[in-house]
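Student: Below is the structure I would like to discuss, written out as C-alpha cells.
The values are calculated or read from the model by the stated rules, or taken from the named source; none is laboratory data. Treat the numbers as computed from the prediction; the structure is a model and nothing was measured. Note that we place each Cβ from the backbone using ideal geometry, even for glycine, and neighbour counts take in every protein chain shown. These area figures cover heavy atoms from the full protein model, side chains too; ligands, DNA and RNA do not enter into them. Shrake-Rupley method; radii C 1.70, N 1.55, O 1.52, S 1.80 Å.
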Amino acid sequence: MPINVIGKLEAISSYRHLFPPDSSRASENPVSLAHQRVNLGGQIVSVLSRVAAYGTDYSGRTNKIAHHVTIDPSEMPAAGPAWLIGQGSVLRSEWLGQCETPASGPEIPRGDQPPRICTSWKSVAGDAGWGGVVAEAISQPDATPLWVIYPLNQQGRLLELIDESIALLPASQRWRATFNTFAANIPPDVECKIRFVPVGTEEARFAASAGKSIDLTKHQSITTASQWVERARGVIRGETGTPIASGGFNAVQEVDVATPVESSWSSDDDAPPGPPPPIEPPSLPMDLIRGRERRRKLVMAGSVLMVIIGLMATWTVARLMAGLPILPGSGPPPAPQMPIDITPPIEEEKPAPAPVPVPIETLDLVLHYDKKQLLEFAVQHPDGETPLPGPVSLRGYVRLKPIPDDTDNAPDIKRTKLVVWGGSPQSLGAAEELVVVTTQLTERAQTLTVEQLPSVPEPLGPTKVYWSRQTGDLIAIADLDLSSENGWFSEQGRAYQTAAVKLARFADLADSIERESAALPPNLKEVTEAFFRHLFPGKAQARIESLIRRAGGVDLSEASTKLKASLRSKLESSNKALKKDQQAALVQIVDDCGQLAQVAAELHAAFAVLAEGHRVEVPELKFLESETVVLRRVPLHIHFSW
C-alpha cells in the first residue's frame, strides 16, 4: 500500500473512548460508520470506514479496530454509501489475530432503492421533514457541515437515518453524501458533510453554539418547508430537481401556483373529490362602478394637496424660529466672525483583534522503547554483566487536533513563529527532513518536514522534540543512557537488561525442550509439538521476536506448567515403559519446564516495569505568532514507556 494512502487512512482512524474498557458503560462507546472523501495524489477517493472500541491491548490500555475500504466509481451501487455499509459484508467488526494481505478486497454488492417517506426520522425526531433537511444540506455545494446531536441510546439508528435522507437524492447525487456517525477529530482536509456527535461531548457543545445543527435530544420544529422537507414528509413525490438555496436551514422551492402538488405517495386515483364551487353574487352596473372610481380619485388628490400644504407650513415656521430667511440665499450676508481653531480629537488606532487561543484537552505524548533494539541486544545472549546498548532509543508522537470551528476566528497554528515551553519565547529551528522509524518489529518509516523546538523542559533530559507544520505532529526522540545510576534511569535500565537476559534464556530453554522432544515416543511428542505450534513457532530469534510482541500479554509461566502436567498425564495413561534415552529426555524436559516457569515470571515482571515507565509533568506548550499573540496552548503529559 502506498505510504500516502497509509497516512490518509491512519488520519481518519482516530478514535476517542467515551468510557474506559472496565466501565459498566463500555458497550455504549459509539461506533464510527462513515463515508468520507479524501484527496489522494490529486484524486478524490471515496472511503467507507468502521472505527470502534476494541477492548484493551497487552498493557491494559484502550484499543480500537479500524477497517477502511476505498470504493471505485464503477463499484458504487446506486442505492448510496449508507445502504452499502448497512449490507454488513463490506466492513469488518473483528480481527481474528492473523496478519495477512488479502488478494482482493471485499465483494461489493449492487442495489438501488426508491425515495421514501422518512419514517425513521419521524420516530426519532418527531418530524419526517428532518430527513429532507439533511438531504438538502447534502445537495448544497458549500462545504459547511451539518451537525446532528444524538443521545447514546439512539446510536443504533443513525445509519438508517442517513440512509433515508440519501434515498431522497437522485441516484446520480447519492455518492456525494459524506457522513460520520461519530465525528470526532476529523482532519480538516477530509470531506465530511453530515457529522453525528453524541450529546455531552465537546463537539456537541460546539455544534450547538455554531447554529447549524439538529438536536435529537430536543423537540425542534422546522420553520420553512422546502421541496426536500415536503418530499421527506410524503407531500411531494417524483424525481427531485436541484432546489433553490435559501439563507436558512433549508432551501425553499418555489412552486408555480398553476401546477398541482400531490398530497401523498398514494396513487392519483385515491384523491378525494374537491368541494363544489362557491355561489358568487351578481355584478354591479357599470355606471355605478365608474362614479365610485371618480370619487375615489378626487379624495386621493385632496389628501395629497393637504400633505403638501402642511409640509410648507412646517418649513416656514422652522426657518423663522431659527432666525433664517424663509428661502435660502434671500437674507443679508452674515456678520464676519473670528476664526476659531478647533483641533479634532485624535482617535487612537485600535489594533486588530488577535485570535483567541482555544484551550484543548491535555494530550499524552508517549515515547515507546525501540523493540528492534531490544531484539538485537537479546540475540547476543547477554548476562547480568553485559553492558547495556548505548544509548537506548525511545520515540513517540502525538497529533495536535484541529480546533473545530467553521468561522474565520479560529487561530491558524501554521502561522507559528515562536514557541514557549516553560521559558521565554524562542524561534523554531530551520525546516529539515526527519526520517521517523516505527518502534515496532517492522521496517516501516516515514519522512516528514519538521522544525525542532529550540529547548525542552529540564525533566525531559536529552529528549529532542520536533513539530511538523504539514501534519500537526509533535515527534519526540529520546536517546537515554539507562546505565546511569541517577533517578528513574537506573530502575528502567535494570528492567531493560533483565528483559534481554530472560528473553535469551527463555529461547534457549525452548530450544532445549524441542531438541529433547525428538527422543520422546509419539504420544508425548504430540504434547510438545502442540506447545510450540501454538505459542512459539520458529526457532531462536523468531521465538525472541514472538516474546517481544507478546510482552507479558500471555502467562508463559502457566503455559510451561501446563506442558509439564500434560506430559505427566500422558505418561500415566500409557501402558508402554520408556526406554533409558526417552526417560533421560523426559527428565530434562521436566527440568527445563520448571526453569521456564521461573524465567517467564521474571520476564513478565521486567516488562511490567518497562510498561509502567516514567511520567514527566511539563509546562504548557504554547505556539505564538508574536510575543503577544498566542495561537495555541497545548497541555501535555509525557510518558516514557514500553
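Student: With every protein chain left in place and a probe of 1.4 Å, what is the accessible surface of Glu545, to the nearest 10 Å²?
Tutor: In the full protein context, Glu545 sits at about 50 Å².
Student: Within a Cβ distance under 10 Å of Leu146, other residues only, what is the Lys/Arg minus Asp/Glu net charge? Before the final figure, lay out each step's value.
Tutor: Details: positive: Lys193, Arg195, Lys212; negative: Glu136.
Here the count lands on +2.
Student: In the structure shown, do any of Lys372/Lys525; Lys401/Lys464; Lys8/Lys464 have a Cα-Cα gap over 29 Å, and if so which? Display every interim value, and only then the final one.
Tutor: Working: Lys372/Lys525 33 Å; Lys401/Lys464 21 Å; Lys8/Lys464 26 Å.
The pairs that break the limit, which is 29 Å between Cα atoms, are Lys372/Lys525.
Student: Quick one: what are the phi-derived ³J(HN,Hα) couplings along the range 595-611, Karplus 6.51/-1.76/1.60 with θ = phi - 60°, whole Hz, x for glycine and proline?
Tutor: 5, 4, 5, 5, 5, 4, 5, 5, 5, 4, 5, 5, 5, 5, 5, 5, 5
Student: Which values of log₁₀ I(q)/I(0), to two decimal places, follow from the Debye formula for the range 455-607 at q = 0.11 Å⁻¹ with a uniform point scatterer at every Cα?
Tutor: Ignoring solvent entirely, the Cα scatterers give -0.57.
Student: Report the net charge of residues surrounding Pro521, where surrounding means a beta-carbon distance below 12 angstrom and charges are Lys +1, Arg +1, Asp -1, Glu -1. Walk me through the numbers before you get to the answer.
Tutor: Numbers: positive: Lys525, Lys570, Lys576, Lys579; negative: Glu526, Asp581.
Counting the neighbours of Pro521, the net charge comes to +2.
Student: Show me the chymotrypsin sites (Phe, Trp or Tyr not before Pro) within the range 80-148 that DSSP assigns to loop and that have at most 16 other Cβ atoms within 10 Å of their Cβ. Walk me through the numbers on the way to the answer.
Tutor: Numbers: sites: Trp83, Trp95, Trp121, Trp130, Trp147; in loops: Trp95.
Of the chymotrypsin sites (Phe, Trp or Tyr not before Pro), the ones in loops of the range 80-148 whose Cβ has at most 16 other Cβ atoms within 10 Å are Trp95.
Student: Is the C-alpha gyration tensor of the range 408-530 telling us rounded, prolate or oblate? Criteria: a/c under 1.5 is rounded; beyond that, a/b larger than b/c is prolate, otherwise oblate. Numbers along the way, then the final one.
Tutor: On the way: a/c = 4.51, a/b = 2.34, b/c = 1.92.
It comes out prolate by the Cα gyration axes.
Student: Under 5 Å between amide H atoms, partner at least 5 residues away or on a different chain: which partners does Asp215 have, H built in plane at 1.01 Å?
Tutor: Those qualifying (amide H under 5 Å, at least 5 residues apart or on another chain) are Ile149.
Student: To make sure I understand the rule: partners must be lysines, Cα under 16 Å from the Cα of Lys122, and not fewer than 8 residues away in the same chain. Which ones qualify?
Tutor: Those lysines meeting the cut-off are Lys218.
Student: While we're on this one: On a C-alpha basis, how far is the centre of the range 594-642 from the centre of the range 22-42 in Å? Whole number, if you could?
Tutor: Between the Cα centres of the range 594-642 and the range 22-42 lies a distance of 26 Å.
Student: Quick one: Karplus J couplings for the range 506-511, per residue in order, coefficients 6.51, -1.76, 1.60, θ = phi - 60°, nearest Hz, x for Gly and Pro?
Tutor: 4, 5, 4, 5, 5, 4
Student: Taking every alpha carbon pair in the range 549-642, what does the distance histogram look like in 5 angstrom bins from 0, in percent?
Tutor: Histogramming the range 549-642 at 5 Å steps yields 2, 11, 13, 11, 10, 8, 8, 6, 5, 5, 4, 4, 4, 3, 3, 2, 1, 0 percent.
Student: Using amide H atoms built 1.01 Å from N in the peptide plane, name the residues 5+ places from Thr178, or on other chains, whose amide H lies under 5 Å from its own.
Tutor: Here Lys193, Ile194 satisfy the definition.
Student: I need the phi-derived Karplus couplings for the range 22-29: 6.51 cos²θ - 1.76 cosθ + 1.60, θ = phi - 60°, integer Hz, Gly and Pro marked x.
Tutor: Computed from phi, the couplings for the range 22-29 are 8, 7, 5, 9, 4, 5, 8, 4 Hz.
Student: Using only the alpha carbons of the range 9-71, what is the convex hull's orientation-averaged projected area in square nanometres?
Tutor: Numbers: hull surface 18.9 nm².
For the Cα atoms of the range 9-71, the hull's average projected area reads 4.7 nm².
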